[in-house]
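K.L.:
I am attaching a structure below and will ask some questions about it afterwards.
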Amino acid sequence: LFKTRWGAFYQTGLEGFLRGRDINTLVFLGCNYPNCPRTSIYEASERDFKIMLVTDAISQLYPKGEEEMSNIGVRLCSSDYLGQLLLAGKFIPSFVMVDAAQPIMLHVTGRFFWVKLGGTDRETMPL
């Protein structure tokens, strides 16, 4: 997904892609929360997606930002808690939003998924 603005939904076709696959819950992680992730979360909320924000897998997240996200119905959790939900089979997401300009790798469990970004080589593995 190539985007020209901070929000992942702005003129990208992302909403149609998600709706076409009956995806209604998004898990967010990445870098520079005040810009791209925050904007994309607000855009997802405006489109009635259920949202989970992995607080220790996103950079520059601050207490007021957590409060604002919680106030619009975003579920905040740690990567450990998300891993526990996945292992217990209580939460099986079908899509993970990664908004990052810097290389990052998230490995929740060996059993579930990897999300990998680096330089211009961006890859999101479907769950």
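The values are calculated or read from the model by the stated rules, or taken from the named source; none is laboratory data. Because the structure is predicted, anything quoted here is derived from the model rather than measured. With ideal geometry, Cβ positions are generated from the backbone for all residues, glycine too; neighbour counts draw on all protein chains shown. Just the protein is used for accessible areas: all its heavy atoms, side chains included, with ligands, DNA and RNA removed. Shrake-Rupley method; radii C 1.70, N 1.55, O 1.52, S 1.80 Å.
K.L.:
Taking a label point 7 Å from the Cα of TYR81 along the Cα→Cβ vector, which residues of the stretch 2-45 have an amide N closer than 17 Å to it?
P.N.:
Answer for the stretch 2-45: 26-30.
K.L.:
Here is a further query. Might you work out the accessible area of SER78 for me, using a 1.4 Å probe with all protein chains in place, and round it to the nearest 10 Å²?
P.N.:
Only protein atoms counted, so the area is about 40 Å².
K.L.:
Same structure again: Expressed in nm to one decimal, what extension gain is obtained for the pair LYS3 and LYS90 from 0.36 nm per residue of sequence separation less their Cα-Cα distance?
P.N.:
Working: separation 87, 0.36 × 87 = 31.32 nm, distance 3.21 nm.
Once the chain is fully extended between LYS3 and LYS90, it gains 28.1 nm.
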